[in-house]
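The values are calculated or read from the model by the stated rules, or taken from the named source; none is laboratory data. Treat the numbers as computed from the prediction; the structure is a model and nothing was measured. Virtual Cβ from ideal backbone geometry, glycine too; neighbours counted across all protein chains shown.
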């Protein structure tokens with residue numbers, strides 16, 4: 001049994017509960033009592049409603065209907081106090097409570113074991129009156145729809161029970177406008193078809209209603225006219241959209257005013273998204289435009305008679321970033337072509353919401369790390385037949401998941417997928433891995449697995465190849481090293497480069513391009529190995545910190561943050577000093593004011609070489625070896641093809657490398673976005689592949705991804721089908 005409880009004239013009742021002299025007098029709530037003002041009535045009690053006073057009416061009109069109307073101001077502290085007491089009582093008597101507003105709620109008393117539902121509701125109403133000094137009405141029925149309709153009969157200060165046998169009788173002569181969800185527009189459409197009551201609405205078939213009003217609305221009309229409502233009373237209602245609208249006091253003089261307003265609107269919506277812990281993918285800008293023949297509105301600075309416009313865009317990557325919101329909203333406003341002086345209201349709505357934490361965990365849940373760090377059993381003496389038997393057990397992986405790339409010869413490995421927050425187990429021994437499958441994996445996946453084996457997987461494959469194939473050079477570019485020592489990264493020779501896979505057709509031309517025989521000097525790098533026994537929940541570096549914000553902090557505060565966060569790499573004392581950028585050589589704040597792509601060679605070549613940061617020097621050197629093709633894609637391709645593992649930077653040089661590379665690519669994006677979209681797309685794909693070589697590029701890629709998508713949206717109205725990368 002469903003109970004609908006609604007307090008009577010809540011805003012008025014709370015204010016006059018301690019003023020008995022106003023109990024039977026017409027009273028309304030408004031922020032102003034100017035008898036000639038255009039302030040709007042928020043709520044009116046039943047004596048005032050008897051004179052025709054309604055919510056939303058101007059004070060001057062309400063005074064003309066009821067000259068002795070008493071206008072009182074809001075008392076928000078009292079509203080909060082009464083609402084708390086109201087809900088405490090509801091939760092005391094029922095476990096399933098769904099809040100509708102501060103003074104209205106649904107209760108599901110089906111499992112409460114109540115024998116006399118009428119007495120049960122009376123007890124609740126009496127306790128509400130004693131605790132708050134305000135009356136409440138209640139409706140009782142078999143579903144939420146009929147319970148709400150019963151409350152309308154019960155008001156004021158009463159209760160009504162509609163049994164299942166009386167549903168049809170009650171709905172027969174009920175006006176269709178009394179049904180929830182039917183507004184003025186839908187009511188007018190029904191009236192044009194000579195439909196004014198639920199009895200008349202029941203005469204129309206469901207198929208006809210769906211054809212005339214749409215599938216969802218047609219089904220709703222058909223069900224509601226018969227008293228059918230399958231909604232359940234829920235304790236928590238998830239928001240389908242979050243936004244903010246302003247339609248009073250909106251007057252703009254020029255475009256600068258609009259841009260300032262939109263920025264503040266984006267900040268407000270971003271804060272609301274952050275407060276709810278969600279991010280969104282669909283953004284809708286709503287604009288109220290003054291009608292051409294409309295004069296000044298009756299209400300001071302009101303919106304008046306307007307045309308409602310809206311423009312939407314859906315992006316592939318959900319966000320709550322103010323910068324991204326501002327760029328999207330600015331583009332949507334540009335497409336509206338509205339005179340700024342005609343705007344009377346604006347709003348921003350974000351939908352297709354995702355939980356911020358679960359969105360991140362969802363990406364990690366299906367990563368290679370989450371599977372390979374799962375617990376596994378001892379398989380030293382395990383043969384293929386026993387593997388097939390275990391594959392059917394409770395904790396084994398499905399055969400389709402175990403047989404990578406459809407190879408039926410791959411041995412089975414028993415493992416249970418670990419949750420992102422779970423503890424990691426031991427990795428399967430390398431001698432149980434199928435080398436053929438490992439070698440056929442994409443480079444990014446292989447690099448992730450190799451990191452989990454502390455860099456020993458590549459050396460293991462080298463040994464296997466050297467034993468099985470004579471007269472050929474080792475393919476791996478990683479040499480074994482003692483614990484704490486560095487691994488040496490070497491360039492690929494022409495045979496080695498064939499190992500690199502090119503899954504995208506756009507890379508076909510790149511793959512066939514002849515690479516220079518010039519070599520890159522050997523560089524000592526430290527490979528980041530995961531801590532055995534589990535995945536740390538703490539940030540492994542500054543990659544989760546906004547670099548632009550971090551650079552604005554005082555030097556002392558930056559030093560404190562660097563000390564609190566764990567180092568990005570566990571560097572050895574013997575590590576070559578050229579790998580770590582000097583702490584006092586931060587990327588100059590003025591680099592953003594330099595045209596990095598001007599000149600021949602461009603300005604950034606000398607700037608990067610002057611930095612004491614090896615990864616920046618490598619990029620500059622790759623540009624000089626790019627030959628006649630001086631595009632950024634050539635530099636990134638050569639960097640990826642000739643160096644297996646990029647030299648990473650220490651904690652001190654992390655921000656410099658990220659900031660400089662981001663600024664370089666941002667300026668290149670501005671140069672190419674309107675003339676060469678294919679080059680921009682290739683660069684984005686190569687950047688993503690470089691994330692497997694260096695975690696510096698993980699942060700670079702994730703920082704630049706919103707800029708790529710926003711630029712493409714502004715110029716072409718679409719977006720790249722690319723996703724962010726998790727460390």
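Summary of values
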item: Unique residue being assigned to a helix (DSSP H, G or I), at pLDDT below 90, touching a helix residue (DSSP H, G or I) at 6+ places or on another chain (Cβ under 7 Å) and surrounded by 15 or more Cβ atoms within 10 Å (Cβ to Cβ) when the list is 326, 364; result: 364
item: Sole exception among (1) surrounded by fewer than 21 Cβ atoms within 10 Å (Cβ to Cβ); (2) in contact with a strand residue (DSSP E or B) (Cβ under 6 Å, 6 or more places away or on another chain); (3) under 30 Å from residue 61 (Cα atoms) for residue 287, by number; result: (1)
item: Residue match in the range 54-70 (condition: part of a strand (DSSP E or B) and touching a strand residue (DSSP E or B) at 6+ places or on another chain (Cβ under 9 Å)); result: yes
item: Residue under evaluation residue 222, criteria (1) touching a residue at least 40 places away in the same chain (Cβ under 8 Å); (2) in a helix (DSSP H, G or I); (3) under 43 Å from the mean Cα position of the chain (by Cα), criterion not met; result: (1)
item: Candidate set from the range 703-727 (those that are without any contact (Cβ under 8 Å) to a residue 40 or more places away in the chain and in a helix (DSSP H, G or I)); member that is nearest to residue 445 (Cα to Cα); result: 708
item: Selected residue (criterion: modelled with the highest pLDDT) from residues of the range 672-702 that are assigned to a loop (DSSP other than H, G, I, E, B) and within 20 Å of residue 445 (Cα to Cα); result: 691
item: Sole exception among (1) outside any loop (DSSP other than H, G, I, E, B); (2) surrounded by fewer than 17 Cβ atoms within 10 Å (Cβ to Cβ); (3) touching a helix residue (DSSP H, G or I) at 6+ places or on another chain (Cβ under 8 Å) for residue 28, by number; result: (2)
item: Residue list for the range 176-197, filter: touching a helix residue (DSSP H, G or I) at 6+ places or on another chain (Cβ under 8 Å) and outside any loop (DSSP other than H, G, I, E, B); result: 176, 177, 178, 186, 187, 189, 190, 197
item: Positions within the range 92-145 being under 32 Å from the mean Cα position of the chain (by Cα), in the same structural domain as residue 8 (by TED's automatic domain parsing) and outside any strand (DSSP E or B), in sequence order; result: 95, 102, 103
item: Residue in the range 72-82 that is surrounded by fewer than 17 Cβ atoms within 10 Å (Cβ to Cβ), assigned to a loop (DSSP other than H, G, I, E, B), touching a residue at least 40 places away in the same chain (Cβ under 8 Å) and more than 44 Å from the chain's Cα centre (by Cα) present; result: no
item: Residue tally, condition assigned to a strand (DSSP E or B) and free of Cβ contacts under 8 Å to residues at least 40 places away in the same chain, over the range 151-175; result: 2
item: Hey, residue 340 out of contact with any strand residue (DSSP E or B) (no Cβ under 9 Å at 6 or more places or on another chain), in the same structural domain as residue 274 (by TED's automatic domain parsing) and more than 22 Å from residue 715 (Cα to Cα) or not; result: yes
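Here is a yes/no grid of residues against (1) in a helix (DSSP H, G or I); (2) within 30 Å of residue 296 (Cβ to Cβ); (3) assigned by TED's automatic domain parsing to the domain that holds residue 110; (4) without any contact (Cβ under 8 Å) to a residue 60 or more places away in the chain:
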| site | (1), (2), (3), (4) |
| --- | --- |
| 212 | yes, no, no, yes |
| 234 | no, no, no, no |
| 250 | no, yes, no, no |
| 257 | yes, yes, no, no |
